[in-house]
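> Pasting a structure here, questions to come.
The values are calculated or read from the model by the stated rules, or taken from the named source; none is laboratory data. Just so we're clear, the structure is a prediction, and the values are computed from it rather than from any experiment. Don't worry about glycine lacking a Cβ; one is built from the backbone with ideal geometry, like all the others, and counts go over all protein chains shown. Surface accessibility is based on the protein's heavy atoms, side chains included, excluding ligands, DNA and RNA. Shrake-Rupley method; radii C 1.70, N 1.55, O 1.52, S 1.80 Å.
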Amino acid sequence: MSSVFSLLGQGLKLDTRADIETHLAGVDPTLIEEIHLGGNTIGVEAAQALAEFLAKTTKLRVANFADIFTGRLISEIPLALSAICDSLIDKPTLVEIDLSDNAFGGRSVDPLVPFLSSARSLQVLKLNNNGLGPAGGTVIAEALTTLAQSLEKGQKSNLRTIICGRNRLEDGSAEAWAAALSAHGTLQEVRMPQNGIRMAGISSLVRGLAANSDLHHLDLQDNTFAAEGSKNMAAELTRGAWPLLRQLNLSDCVIGEEGEVSPVVEALAKGLHNKLEILQLQNDNLETEAFSLLAGVVDKLPQLRRVEAQWNEVDEEDEGVVALLTALKKQGGKLVMNDDDEEEEEEEAEEVAKDAAPAVPAKDAAPAVPAKDTAPTQPAAATPVPAATEAESKSITDKATDALAELLDKVSIR
């Protein structure tokens with residue numbers, strides 16, 4: 001029997017116990033290592049039945065519950081979430097949980113607290129696009145701090161990855177997040193883009209992040225650094241924080257000001273982060289001098305292969321841009337300055353993929369339809385959707401999620 005149980009993306013509406021037990025029938029929970037239920041909608045009664053199944057698992061490592069409450073009432077989500085999360089408490093094998101794309105808002109996160117504050121084996125936490133707001137973000141951060149404080153003296157946290165973007169965390173939860181990040185000190189990947197965090201909040205976050213010396217991927221895109229945040233970020237970079245950093249995304253962060261070189265760029269130009277591979281500084285008000293500084297440090301960053309710097313205050317013919325482009329090319333790197341560069345890369349990647357794909361002889365080709373008595377292990381692939389339609393769909397979904405999150409913040413559950 002497979003160790004993976006998946007109903008991923010099937011669009012099922014699971015309301016009752018019978019609805020989900022139909023899918024769980026014949027599955028031995030003691031053999032399951034991964035469960036993927038994203039892209040279905042689960043009601044309270046079905047969640048309770050699922051919780052009974054989860055409670056019996058003994059090897060569960062990965063739990064994917066992203067996008068499982070679409071269309072559910074505000075009163076349903078806390079009850080269903082509580083049933084699921086409580087069943088995962090004291091699971092020593094669980095290393096990853098994904099609860100992204102569920103519109104919790106600030107009022108539906110409390111059921112997460114008992115689990116998060118005791119999940120000592122957890123390595124990867126994904127809470128992306130949940131509309132947490134400052135209040136909900138604070139609840140989550142404080143639960144993570146409690147988790148770190150529950151460890152025995154000298155025992156290291158297992159938490160390695162936090163993904164918590166598009167949650168409107170704002171400055172109101174930044175201090176709590178800084179405390180949580182600092183308390184763990186073991187993080188290797190932190191992604192918190194598009195959270196409306198401003199200068200003071202960024203300064204707090206940066207100080208908390210500085211305690212994580214193994215950090216190799218940091219994404220703070222589309223939060224506002226401005227002068228104060230940039231100064232504090234630069235101070236940590238200059239101090240040598242994050243020596244293992246491989247990918248840094250500070251796009252749309254306002255790290256530069258007109259007529260001045262960003263202190264962040266000045267700090268990076270010292271060449272202390274020689275493992276850096278990808279640097280993203282799109283739309284950051286950077287001028288030609290900033291590009292010249294980066295060009296001068298490329299030879300000290302031998303692994304730097306990609307710099308994304310679209311929509312800054314320069315032309316592609318500017319001296320600094322040309323210098324950076326030339327320096328990167330010498331070590332096999334690429335400077336992305338416009339959308340055409342990205343489209344060209346995508347086309348090249350598609351061509352390489354086509355060339356690399358082995359041709360399947362007709363006589364060896366798998367049958368298009370599974371045998372009569374054989375159930376397919378994966379749902380049939382969806383018909384490809386044109387890029388424009390996908391973008392529109394994502395935009396609509398994001399707007400709907402944000403709107404529901406705003407509503408959740410305003411409604412109390414009695």
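> Out of D214, D222, which single residue is within 19 Å of the chain's Cα centre (by Cα), surrounded by fewer than 20 Cβ atoms within 10 Å (Cβ to Cβ), at pLDDT 95 or above and not in a strand (DSSP E or B)? Before the answer, list the steps.
Working: D222 fails: surrounded by fewer than 20 Cβ atoms within 10 Å (Cβ to Cβ).
The conditions single out D214.
> Related question: Tally time: how many residues in region 242-271 are part of a loop (DSSP other than H, G, I, E, B), under 18 Å from L304 (Cβ atoms) and out of contact with any Pro (no Cβ under 9 Å at 6 or more places or on another chain)?
Of the residues in region 242-271, 10 are part of a loop (DSSP other than H, G, I, E, B), under 18 Å from L304 (Cβ atoms) and out of contact with any Pro (no Cβ under 9 Å at 6 or more places or on another chain).
> Moving on. Is one or more of the residues making up region 180-194 closer than 23 Å to A309 by Cα, free of Cβ contacts under 8 Å to residues at least 60 places away in the same chain, open to solvent by 20 Å² or more (accessible area, probe 1.4 Å) and in a helix (DSSP H, G or I)?
Looking for residues that are closer than 23 Å to A309 by Cα, free of Cβ contacts under 8 Å to residues at least 60 places away in the same chain, open to solvent by 20 Å² or more (accessible area, probe 1.4 Å) and in a helix (DSSP H, G or I), one finds none in region 180-194, hence no.
> Which residues, taken from region 98-118, are crowded, with 24+ Cβ neighbours inside 10 Å and touching a Lys or Arg at 6+ places or on another chain (Cβ under 8 Å)?
Of everything in region 98-118, just one residue is crowded, with 24+ Cβ neighbours inside 10 Å and touching a Lys or Arg at 6+ places or on another chain (Cβ under 8 Å), namely L99.
> Using the structure shown, decide if I74 is crowded, with 21+ Cβ neighbours inside 10 Å, more than 17 Å from the chain's Cα centre (by Cα) and closer than 27 Å to K13 by Cβ.
Values: crowded, with 21+ Cβ neighbours inside 10 Å: no; more than 17 Å from the chain's Cα centre (by Cα): yes; closer than 27 Å to K13 by Cβ: yes.
Here the answer is no, as I74 does not meet what is asked.
> Would you check which residues across region 273-298 are open to solvent by 40 Å² or more (accessible area, probe 1.4 Å) and in contact with a helix residue (DSSP H, G or I) (Cβ under 7 Å, 6 or more places away or on another chain) and list them? Reasoning before the result, please.
Of all residues in region 273-298, those open to solvent by 40 Å² or more (accessible area, probe 1.4 Å) come to 274-275, 277-278, 283, 285, 287-289, 292-293, 296.
Those that are open to solvent by 40 Å² or more (accessible area, probe 1.4 Å) and in contact with a helix residue (DSSP H, G or I) (Cβ under 7 Å, 6 or more places away or on another chain): N274, T288, E289, S292, L293.
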